[in-house]
Amino acid sequence: MSAHIIPAKLYVTIWLALMVLTVVTAGVAFIDLGPLNTIVALAIATLKAVLVVLIFMHVKYTSEKLTKLVVISAVFWLFILLALSLFDYGTRTLG
Amino acid sequence: MSDSSVAVEHHEPDLQHHFADMGQQKDAASLGMWLFLATEIMFFGGMFCAYLIYRRAYYNEFAAGSRSINIWLGAINTVVLICSSLTVAMGVRAAQMGKRKLLVILLILTLILGLAFLGIKGIEWHDKYKEHHIPGPSFDASDISREYPQLHIDQSHEQIFFSLYFAMTGLHALHMIIGIGLFLYLTHFSWKGRYGPEYYTPVEMGGLYWHFVDIVWIYLFPLLYLIDRKPLG
């Protein structure tokens, strides 16, 4: 059984990208973008998470489709949890 | 039982009898691990959901509370965890290539980075303890109210922010402690030469767990430390 071995250079590139994105997200937080601040912060965090999942966690290279299905389903369940809760609390006055 | 599976069993000492081959065994382990991580996403998801609801309701208290946390400690810890994810990824690679010494070195580096994360977290929590920002009878955020009078801080709502801060960073730290336990186990058996190109599934599964905990932190950092850092107008 031979596994797909990812070049060390790619891992280091991803690490570098994650470091740069960390600096960017911390720096952008000090600039007033209005409501965009939160959106930018979450977009950068999601980009970082996708890099980790695809490369470090090998989801990009797996031949097992079930693994990909589980990953996508997990994110979808989280979306249901957050989105439906938000629909509820967003459409009523709290307290 | 077919003859072939018995024959394979003799050739592959790490193959359990209910799997056809090593590839299938590894795919099954990987799928099981991802299913576990899916439940972990929902576990943390409940907290993120509570955070979302209360942040919408008490935004000023969340913004002021976030400003009171040391952004440097949070940023350094983000860097520490990203570095540890690299050492883990390189460690799995070393196992795949059968480089035992390199694997052990990378696992020990990961352990050091994990402990550094917890140490920095401890400093941060100790600061909050000294400032009376730990929810409970001695909670006192009047320093935050005085610093940001324009935000009209409600003390009990501020306490909700810090409850979520401690619950989320605490649950994350608990996962780090469990991760360090897992990696001590992996380091021990890597040292003994248990893992190599034919069988490195435990290293890869431990790696998946470690990366997952890193991803949780990737979200916790902006959501707790960077809510509102822009100059107050």
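The values are calculated or read from the model by the stated rules, or taken from the named source; none is laboratory data. Note that the coordinates shown come from a computational prediction; the quantities given were computed from them, not determined experimentally. Every residue, glycine among them, receives a Cβ derived from its backbone with ideal geometry; neighbour counts consider all protein chains shown.
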Exercise. With respect to B:Pro222, is the statement that it is in a helix (DSSP H, G or I), free of Cβ contacts under 8 Å to residues at least 24 places away in the same chain and closer than 18 Å to B:Phe48 by Cβ true?
Worked result: yes
Scanning the range A:15-42 for residues that are of a type outside the set (S, T, N, Q) and touching a residue at least 24 places away in the same chain (Cβ under 8 Å), the one nearest to the other protein chains (Cβ to nearest Cβ) turns out to be A:Leu18
_Taking the criterion of being at the interface with chain B (Cβ under 7 Å from one of its Cβ atoms) and under 25 Å from B:Leu86 (Cβ atoms), would at least one residue in the range A:73-93 satisfy it?_
yes
Just one listed residue, out of B:Leu106, B:Leu111, is under 17 Å from the mean Cα position of the chain (by Cα), farther than 19 Å from A:Val50 by Cα and at pLDDT 95 or above, and it is B:Leu111
When restricted to A:Tyr61, A:Tyr11, the only residue touching a Phe, Trp or Tyr at 6+ places or on another chain (Cβ under 8 Å) and touching a residue at least 40 places away in the same chain (Cβ under 8 Å) is A:Tyr11
Residue check, A:Ala45 under 21 Å from B:Lys230 (Cβ atoms), touching a helix residue (DSSP H, G or I) at 6+ places or on another chain (Cβ under 8 Å), of a type outside the set (D, E, K, R) and at the interface with chain B (Cβ under 8 Å from one of its Cβ atoms)
yes
Taking the range A:59-72 and keeping only residues that are of a type in the set (A, V, I, L, M) and either surrounded by fewer than 17 Cβ atoms within 10 Å (Cβ to Cβ) or at the interface with chain B (Cβ under 7 Å from one of its Cβ atoms) (or both), one is left with A:Leu66, A:Leu69, A:Val70, A:Val71, A:Ile72
Within the range B:52-93, residues farther than 30 Å from A:Ala8 by Cα, more than 10 Å from chain A (Cβ to nearest Cβ) and in a helix (DSSP H, G or I) come out as B:Tyr59, B:Asn60, B:Glu61, B:Phe62, B:Ala63, B:Ala64, B:Gly65, B:Arg67, B:Ser68
By residue number, the members of the range B:186-209 that are assigned to a helix (DSSP H, G or I) and either at the interface with chain A (Cβ under 9 Å from one of its Cβ atoms) or not aromatic (Phe, Trp, Tyr) (or both) are B:Leu186, B:Thr187, B:His188, B:Ser190, B:Thr201, B:Pro202, B:Val203, B:Glu204, B:Met205, B:Gly206, B:Gly207, B:Leu208
Filter the range B:94-123 for residues that are of a type in the set (Lys, Arg) and over 15 Å from B:Ala173 (Cβ atoms); the one that is nearest to the other protein chains (Cβ to nearest Cβ) is B:Lys99
Residue hits (the range B:119-154; surrounded by fewer than 16 Cβ atoms within 10 Å (Cβ to Cβ) and aliphatic (A, V, I, L, M)) are B:Ile123
